[in-house]
1. Where Rh is the Kirkwood radius over the Cα pairs of the stretch 84-138, the temperature 10 °C and the viscosity 1.306 mPa s, what D in µm²/s does Stokes-Einstein return?
2. Work out the FRET efficiency for Leu35 and Asp135 from their Cβ-Cβ distance, taking R0 = 35 Å, and round it to the nearest 0.05.
Amino acid sequence: MVTADIVNGKVVADSTPTYAKSSGNNLDKQAFLTLLTAQMQNQDPLEPTDNTEYVSQLAQFSALEAMTNVEQSLTNQNAFNLVGKNVVITPGASEGKSESEVAGRVNYVEMVDGKAQLSINDKMYSYEDLKYVVDDDYIM
């Protein structure tokens, strides 16, 4: 979400806007759309923004969304490749919680809300909590 002071239909330059961030340090696609919408709503009607700038920004948004989809597909593929392998999971690590590690063989992968869940020892764990993949030769 973008926040800034708007006085008489113009964004006040001395205010500091804040932006919604994704889990990393990059703006997510929702923030990108919010910025684009705010830009369109707050443009000066006497000096409108050139259409080529909007087309360029939409192209950037399309590229961002495509990269996000590719990243999610690769993550899901990596999760499915773990079936039958021994792994070590730190449950809750992706949420900042620190619990003890769980080790075991991945029985199957289930997609829940677009995120991969690994079945280990008859319990479901988030793929994001994966710590190690262990070769069978090291298991006693």
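Values in this text are rule-based calculations from the coordinates and carry no lab data. Here the structure is a predicted model, which means the values were calculated and not measured. Ideal geometry is used to build each Cβ from the backbone, glycine not excepted, and the neighbour counts take in all protein chains shown.
1. Details: Rh = 11.3 Å.
Translational D for this selection: 141 µm²/s.
2. Numbers: r = 46 Å, r/R0 = 1.32.
Here the calculated transfer efficiency is 0.15.
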